[in-house]
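Beneath this line is the structure, given in C-alpha cells, with notes to follow.
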Amino acid sequence: MASTTAVRAALKSQRIETPSWAYGNSGTRFKVFAQQGVPRDPFEKVADAARVHAFTGIAPSVSLHIPWDRVDDYAALAEHADAHGVTVGAINSNVFQDDDYMLGSVTNPDPRIRRKATDHLLACVDVMDATGSRDLKLWFSDGTNYPGQDDIRARQDRLAEALAQVYARLGGDQRMILEYKFFEPAFYTTDVPDWGTAYAHCLKLGERAKVVVDTGHHAPGTNIEFIVALLLREDRLGAFDFNSRFYADDDLMVGAADPFQLFRIMHEVVRGGGLDAGTEVAFMLDQCHNIEPRIPGQIRSVMNVQEATAKALLVDAEALEAAQRAGDVLGANAVLMDAYNTDVRPLLADLRGELGLAPDPMAAYAASGHAERIRAERVGGAQAGWGA
Ligand code: LRH
Ligand code: MN
C-alpha cells in the first residue's frame, strides 16, 4: 500500500492543463449560448485559467488554439500568463475551419491546399518558440463522407509527408502529440480514427511524436484504459484530452458522465508510471461548457481528475497483485473497488489546506466575487468562441 506521504506527494505534484477555448462561448450546430463575463481575447482567457489555478493549486498551464488565440506578440502573452502565475502549455493547430479544407487539409487531393495546411502547422511551431511551449498538438478533422470519395491509402501517404515536414522543424525538447478521433466531422473515413493509426505514424516519425488520448473520441464500449496501458507500455502516451460523454464527442466535464471510467483510466496511469516524477504525460482538459459557467466548470473538472487520481493512488497494489497472481478474481476486483469507493474528499480538502488553499475550491470561487466582477467589467467587445 502506497504510504499516505507518497499519495499526498503525488497529488501535490499533479499538473492539469486547462484549454483556453473552455473559457469562451461554445455550443453545438443548433446553438451557441453566450454568457455574460466571457473573455474577449486570449489575455482574458489566460487570466481566467489563472483563477482555476489559484483555487485548485494544480492547474498552472493553459493550452492555446491557433488562430482562436492569435495575438500580435505571443511572447507578451506568455509574459502576461507568467504575471498571472501560469504558463502557456500546448499549442493546438486548427486546420478544420477554413473553406479550403472541405476535402481535407494535409490529406487534401490538391497539393496547394496541403501546402497551406502544412504551413499553418509550421507556423504553430513558431508560436511554440515564442511561448516556450513543449507540445504541438495536432488534431485533423480530415476524412471522407462517401465510399470512393478519395483513396484511403493515398491520404495516409499525404498525412505522413506533412507530419514528417513538421516533425523535422521541431527543436529542443519540442514534441508532436497526435490526436485521434473515430468520426465527426467526417462520417465515412477519418484519416486519424484510432490509437493504432496515430501510434503507427508516431513510430515512423521518431521519439518525440506521441499519441493524445481524448476520452471523448472512441466508439461506445471502447476500453480506453486498455489503450492507456498499452501506450504507456510503449512509451508513446503523450497526453490526455480529458472530458466525458454519454453519446459522442459531447465534451462534457471530465468524470461527470462516467467517474468509474476516469478512475479505471487513472489506475492504469498510476500502474504504468504515468504519474511518476518527471512523467512525460501531459494531463489536459478539452471541454466545452455550453450551458454551465466556465470557470467553475473548469474548477469542478480539475477536482474530478484529482479525486479519480487520489482513488487510483489508494489502490493497494501489493494486495491487488497478490490476488491477481492467485487467480482470485473477486478478491482482485474488490481491491480496486475498495479504492474506488473511498471518499477522498476529506484527504483533498486537507491537502489544499497544506497548499494554503481553501478546502472547497467551488465554494471559495463562488465567495470570491470574481464571477460578478468579470460580468461587470467585460462589457462590449466580441466574446471569444470557436471563431477565429
Ligand atoms: C477535436 C478536439 C481537438 C481540439 C478541439 C477543440 O474534437 O478534441 O482536441 O482541437 O477538440
Ligand atoms: Mn481533444
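Any read-out appearing in this document is the output of simple, stated calculations on the displayed coordinates, not a laboratory observation. All of these numbers come straight from a predicted model, not from anything done at the bench. Backbone-built Cβ (ideal geometry, glycine too); neighbour counts: all protein chains shown.
Considering only segment 114-135, I want to know if a residue exists there that is farther than 29 Å from residue 62 by Cβ, in contact (Cβ under 8 Å) with a residue 40 or more places away in the chain and crowded, with 19+ Cβ neighbours inside 10 Å.
Yes, that holds for at least one residue.
Could you run through segment 69-101 and say how many residues are crowded, with 20+ Cβ neighbours inside 10 Å, farther than 16 Å from residue 134 by Cβ and over 16 Å from the mean Cα position of the chain (by Cα)?
Looking only at that region, the number is 4.
So the check is Cβ under 8 Å with 6+ separation or different chains; which pairs have a first residue in segment 178-202 that's free of Cβ contacts under 8 Å to residues at least 24 places away in the same chain and a second one that's of a type in the set (A, V, I, L, M) and assigned to a loop (DSSP other than H, G, I, E, B)?
Correct list of pairs: 198/192.
So which residues in segment 189-215 are of a type in the set (S, T, N, Q) and within 14 Å of ligand 2 (Cβ to nearest atom), if there are any at all? It would help to see each step written out before you state the result.
So the first thing to find is which residues in segment 189-215 are of a type in the set (S, T, N, Q), and the list is 189-190, 197, 215.
Answer for segment 189-215, where residues must be of a type in the set (S, T, N, Q) and within 14 Å of ligand 2 (Cβ to nearest atom): 190, 215.
Could you look through segment 152-209, keep only residues that are basic (Lys, Arg) and within 16 Å of ligand 1 (Cβ to nearest atom), and pick out the one that is nearest to residue 104 (Cα to Cα)?
181
For residue 136, are the conditions met, namely being closer than 30 Å to residue 81 by Cα and either assigned to a helix (DSSP H, G or I) or within 16 Å of ligand 1 (Cβ to nearest atom) (or both)?
Spelling it out, residue 136 is indeed closer than 30 Å to residue 81 by Cα and either assigned to a helix (DSSP H, G or I) or within 16 Å of ligand 1 (Cβ to nearest atom) (or both).
Checking the structure you have, find out if any residue of segment 110-118 is closer than 30 Å to residue 283 by Cβ and more than 16 Å from ligand 1 (Cβ to nearest atom).
The answer is yes; a qualifying residue exists.
Can you tell me how many residues within segment 2-19 are within 13 Å of ligand 2 (Cβ to nearest atom) and either surrounded by fewer than 24 Cβ atoms within 10 Å (Cβ to Cβ) or in a helix (DSSP H, G or I) (or both)?
Qualifying residue count, segment 2-19: 0.
Counting just the residues of segment 136-156 that are surrounded by fewer than 19 Cβ atoms within 10 Å (Cβ to Cβ) and not polar (S, T, N, Q), which one comes out farthest from ligand 2 (Cβ to nearest atom)?
148
For segment 154-175, which residues satisfy the criterion of being in contact with an Asp or Glu (Cβ under 8 Å, 6 or more places away or on another chain) and outside any helix (DSSP H, G or I)?
Within segment 154-175, 171, 174, 175 meet the criteria.
Given the options 258, 251, 241, name the one that is on the phi > 0 side of the Ramachandran plot and not aliphatic (A, V, I, L, M). First the steps, then the outcome.
Working: 258 fails: on the phi > 0 side of the Ramachandran plot; 241 fails: on the phi > 0 side of the Ramachandran plot.
Sole residue among the options that is on the phi > 0 side of the Ramachandran plot and not aliphatic (A, V, I, L, M): 251.
With 334, 319, 312, 308 as the choices, which residue is free of Cβ contacts under 8 Å to residues at least 40 places away in the same chain and not aromatic (Phe, Trp, Tyr)?
Exactly one residue qualifies, and that residue is 334.
Would you point out the residue of segment 171-188, among those that are away from ligand 2 (no atom under 14 Å from the Cβ) and buried (at least 21 other Cβ atoms within 10 Å of the Cβ), that is farthest from residue 153 (Cα to Cα)?
That would be 175.
Please pick out the residue among 320, 285, 314 that is crowded, with 24+ Cβ neighbours inside 10 Å and aliphatic (A, V, I, L, M).
Values: 320 fails: crowded, with 24+ Cβ neighbours inside 10 Å; 314 fails: crowded, with 24+ Cβ neighbours inside 10 Å.
After applying the criteria, what remains is 285.
In segment 93-112, what residues are away from ligand 2 (no atom under 16 Å from the Cβ) and not hydroxyl-bearing (Ser, Thr, Tyr)?
98, 99, 100, 102, 103, 104, 106, 108, 109, 110, 111, 112 - these are the residues of segment 93-112 that are away from ligand 2 (no atom under 16 Å from the Cβ) and not hydroxyl-bearing (Ser, Thr, Tyr).
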